[in-house]
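Quick notes on the structure that follows.
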Amino acid sequence: MLKQHLQQKLLQKLSPQQIQFIKLLQVPTVALDTRIKEELEENPALEDSSLMTLEEPKGEYDDLQDERDDFDGESGEDTSIDEFNVDDYLQDDNTNDYSTSYNNGDDEEDKKETPIAIETTFFESLQQQLDLVPLSDQDFIIGKQIIGSLDDDGYLRRPITSMIDDLAFSQNVMVEEEDVLEMLKLIQSFDPAGIAARDLQECLALQLKKKDTSNPLIKKAIEIVEHHLDEFTRKHYDKLERAVGLNSEELKEVVAEILRLNPKPGDSNQVTTKQMQIIPDFHITNNDGVLVLTLNARNAPELRVSRSYMDMFEHYDKAAQKDKKMKEAVQFVKQKLDSAKWFIDAIKQRQQTLLKTMNAIMHYQYDYFLTGDERKLRPMILKDIADKIDMDISTVSRVANSKYVQTEFGTFLLKSFFSEAIQTESGEEVSNKEVKKILEDCIGKEDKRKPLADERLTEILKEHGYNIARRTVAKYREQMNIPVARLRKEL
């Protein structure tokens, strides 16, 4: 049975320009250059004037924005090609008014040549060591297969049977498990020590066996790693003393020997590409008690609309014949010019939003930025800043989650300045950062032979006037990546 009914829906859709701005807003400064280069490659109507060798007339970006408003339908002029207004794209002003507004010295840094470090990955190092060993063709192929199967930490986590199948199907080499294990043993003798282990226990044991095994301490360390690793990781030192027949002083030396080992040998000689360099988006300086906020100059690229594309558009408009092919050409040029203007506008809007948000954060936490004392951090949530700058919470979140500020006492992620409020016994609201600082200080000063349990930490906080539950203390401790008392114990 069919039924008809009316349904009213309220939908909110983002325009392509809004989506582009949102994506640009969450891009950190270190990645902005790459994003701009991508846009320059995709859109020939967009130019970076800092890369141009010929000087051209300079002007104000505001003119571009005013003309864009005209282009959106407010202009009274009309042209014969689908109502395209050539004047929207023609002006003598090519550069933006914000390209030099926030110059704080970063341009000079950009001009310096960056030295390129020539390093060898641990995969290449292992391959070089394999090349020096006289091997049969089959053993050499097995060795290459093993090296290629290691993960970034230097572990062999693939089953031997899987590698045998790979050799059979991909290289038509038939081998037995004993052949692979023999080559694995050879590669495990390579540097760095502990490489090609199948688990942590084997990794640590391989490193210890490369040391002086005639040393009684090394022998005991090997025994602990091979037979009592679980007790060692759980810091059940009393059980270890009884199991391996050592007193507390001897066990302390053995434990220190094991702790000096590298649990991730692949990292010791690996060119790391995962770590992204942190370039601060903002700088805050203390000028005799007055805070001065500046935006990193890299956030102000010298972008402009291409003069050649604007001339091309003017030429098409003045053409005597305007056939279908001509209209398609005009449509293409118009689309590229639009895209260039929208991108420039999004970059400018990004700048304004970044400055507006950071300025609100700086004034909200003024006392903290003057001194760097975490105890002066006020409780602050995203809504506090969103209300101050009259923007959506999601906008503030995008800025806070990916931007860094450089101060005279360090460089910090903006998100780290946001914290929940905790009420003291006197009724005063303080930031949970202050509580975390007290916890950190207490744990830092504790007797490591008798570390403070969460219950005792809760009592200490109550003595300071913070009435906090033990589970909250445990939550803050975990947020600071501090293990439980038993795992902080030292001999």
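For this structure, a couple of remarks:
- Accessible area of segment 156-304 divided out per residue, in Å², using a probe of 1.4 angstrom: 55 Å²
- Entry note: segment 299-405 has Rg to Rh equal to 1.28, where both radii use alpha-carbon atoms and Rh is the Kirkwood radius.
- Distance violations [Cα-Cα > 32 Å] among 220/448; 327/356; 210/436: 327/356; 210/436
- For the residue pairs 252/376; 239/264; 211/445; 211/489; 348/388; 348/475, the alpha carbons lie more than 31 Å apart in 252/376; 211/445; 348/475.
- For segment 194-275, a simple Cβ point-charge model (Lys and Arg +1, Asp and Glu -1, everything else neutral) yields a dipole of about 260 debye relative to the Cα centre.
- Distance between the 7 Å Cα→Cβ label points at residue 475 and residue 209: 4.8 nm.
- Counting heavy atoms of the protein chains alone, residue 422 has an accessible area of about 20 Å² for a 1.4 Å probe.
- Solvent-accessible area of residue 470, all protein chains in place: 110 Å² (probe radius 1.4 Å, heavy atoms, ligands and nucleic acids excluded).
- Spin-label model, residue 449 to residue 250: label points 7 Å out along the Cα-to-beta-carbon direction sit 1.9 nm apart.
- Accessible-area composition of segment 166-295, carbon plus sulfur, in percent [1.4 Å probe]: 48 percent
The values are calculated or read from the model by the stated rules, or taken from the named source; none is laboratory data. Since the structure is predicted, the reported quantities are computational estimates derived from the model, not experimental observations. Counting neighbours? That spans all protein chains shown, and the Cβs are built from the backbone with ideal geometry, glycine included. The area values use the complete protein model at the heavy-atom level, side chains included, leaving out ligands, DNA and RNA. Shrake-Rupley method; radii C 1.70, N 1.55, O 1.52, S 1.80 Å.
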